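**Q** Provided herewith is a single structure, encoded as structure tokens, for subsequent inquiry.
The values are calculated or read from the model by the stated rules, or taken from the named source; none is laboratory data. Remember, predicted model here, so these are calculated numbers, not experimental data. When we count neighbours, we look across all protein chains shown, and the Cβ atoms used for this are built from the backbone with ideal geometry, even at glycine.
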Amino acid sequence: MSNQVLLWLILILPLLTLFFMPKENIKRWTPVALFSALTSVIAVELGENLGWFIYEEAAYPLRTPSYIIFGLNIVVTIWSFHFLYGRFWRYIVIDTVLNFGFIYLFHVYFLGGRGLFHEVGLTPFLNTLIVTFDGVLAYGYQIWQEEIFVRSETKSADYASNLQPAAAKPLPENQDNEKSE
């Protein structure tokens with residue numbers, strides 16, 4: 001299989017797994033996934049410009065390693081938050097294990113073995129720490145995003161469906177819509 005076909009498969013196949021997730025959950029986790037993609041793009045730009053690693057080939061006609069960032073990264077972030085959000089320490093442990101596997105198995109052995117990726121001035125361990133820090137930033141971002149939602153009065157079995165925009169928040173009992181005097 002050619003490298004170009006492989007890169008496009010890495011970009012497209014993960015997105016197909018989202019058909020197995022409820023649409024409401026995809027909508028809920030997409031902002032944090034896009035934040036993760038943005039921070040990953042910044043990390044890749046820094047890494048390439050500082051000589052930490054080299055991506056030899058991109059999915060034509062794209063110029064960046066978008067096959068990882070806009071496919072695999074976004075989808076793994078959505079699935080991770082779908083299953084692990086609300087359990088910080090479990091998230092950190094599983095995210096770290098996934099990052100070790102991603103860096104060592106996928107980057108170093110798989111992509112490195114095909115000549116698509118080379119770490120030059122950075123060890124795989126430090127690369128894993130950077131990617132894990134990105135996961136912690138994403139978790140913090142999601143906590144910040146949750147502040148725009150308020151819990152609804154009705155209880156629901158689905159965690160995501162009992163969130164409403166903050167504009168729907170009822171006024172306190174002692175505050176009227178209009179001051180009458």
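**Q** Can you tell me which residue within the range 124-163, out of those that are touching a helix residue (DSSP H, G or I) at 6+ places or on another chain (Cβ under 6 Å) and in a loop (DSSP other than H, G, I, E, B), is modelled with the highest pLDDT?
**A** Residue satisfying both the conditions and the ranking: Ile148.
**Q** Take the range 16-30 and flag every residue that is in a helix (DSSP H, G or I) and loosely packed, with under 14 Cβ neighbours inside 10 Å. Talk me through it step by step, then tell me what you get.
**A** Residues of the range 16-30 that are in a helix (DSSP H, G or I), as a first pass: 16-20, 23-30.
Scanning the range 16-30 gives Leu16, Thr17, Phe19, Phe20, Lys23, Glu24, Lys27.
**Q** Hey, another quick one. Any residue in the range 108-123 that is at pLDDT 90 or above, assigned to a helix (DSSP H, G or I), of a type outside the set (A, V, I, L, M) and more than 24 Å from Lys27 (Cα to Cα)?
**A** No, the conditions are met nowhere in the range 108-123.
**Q** Another question, then. Is it the case, given these coordinates, that Tyr104 is under 19 Å from Glu119 (Cα atoms) and over 11 Å from the mean Cα position of the chain (by Cα)? Reasoning before the result, please.
**A** On the way: under 19 Å from Glu119 (Cα atoms): yes; over 11 Å from the mean Cα position of the chain (by Cα): yes.
In short, yes.
**Q** Can I ask one more? Given the conditions (1) exposed (fewer than 14 other Cβ atoms within 10 Å of the Cβ); (2) outside any helix (DSSP H, G or I), which single one is not true for Glu57?
**A** It fails just one condition, (1).
**Q** Separate question: Quick check on my filter: what residues within the range 81-107 are surrounded by 15 or more Cβ atoms within 10 Å (Cβ to Cβ) and either aliphatic (A, V, I, L, M) or in a loop (DSSP other than H, G, I, E, B) (or both)?
**A** Leu84, Tyr85, Ile92, Ile94, Leu98, Ile103
**Q** Let me ask something else. For the list (1) in contact (Cβ under 8 Å) with a residue 40 or more places away in the chain; (2) more than 21 Å from Gly51 (Cα to Cα), I need the number of the one condition that Gly115 fails.
**A** (2)
**Q** Of everything in the range 82-97, what is of a type outside the set (Val, Ile, Thr), closer than 19 Å to Thr128 by Cα and either in contact with a strand residue (DSSP E or B) (Cβ under 8 Å, 6 or more places away or on another chain) or touching a residue at least 24 places away in the same chain (Cβ under 8 Å) (or both)? Give them in sequence order.
**A** Once the filter is applied, which keeps residues that are of a type outside the set (Val, Ile, Thr), closer than 19 Å to Thr128 by Cα and either in contact with a strand residue (DSSP E or B) (Cβ under 8 Å, 6 or more places away or on another chain) or touching a residue at least 24 places away in the same chain (Cβ under 8 Å) (or both), the range 82-97 yields Phe88, Tyr91, Asp95.
**Q** I'd like to know if the range 41-59 contains one or more residues that are within 13 Å of the chain's Cα centre (by Cα) and either at pLDDT 90 or above or within 21 Å of Val136 (Cα to Cα) (or both).
**A** Taking the range 41-59 as the starting set, the residues that turn out to be within 13 Å of the chain's Cα centre (by Cα) are 41.
Narrowing the set further to residues that are either at pLDDT 90 or above or within 21 Å of Val136 (Cα to Cα) (or both) leaves 41.
Within the range 41-59, one or more residues are within 13 Å of the chain's Cα centre (by Cα) and either at pLDDT 90 or above or within 21 Å of Val136 (Cα to Cα) (or both).
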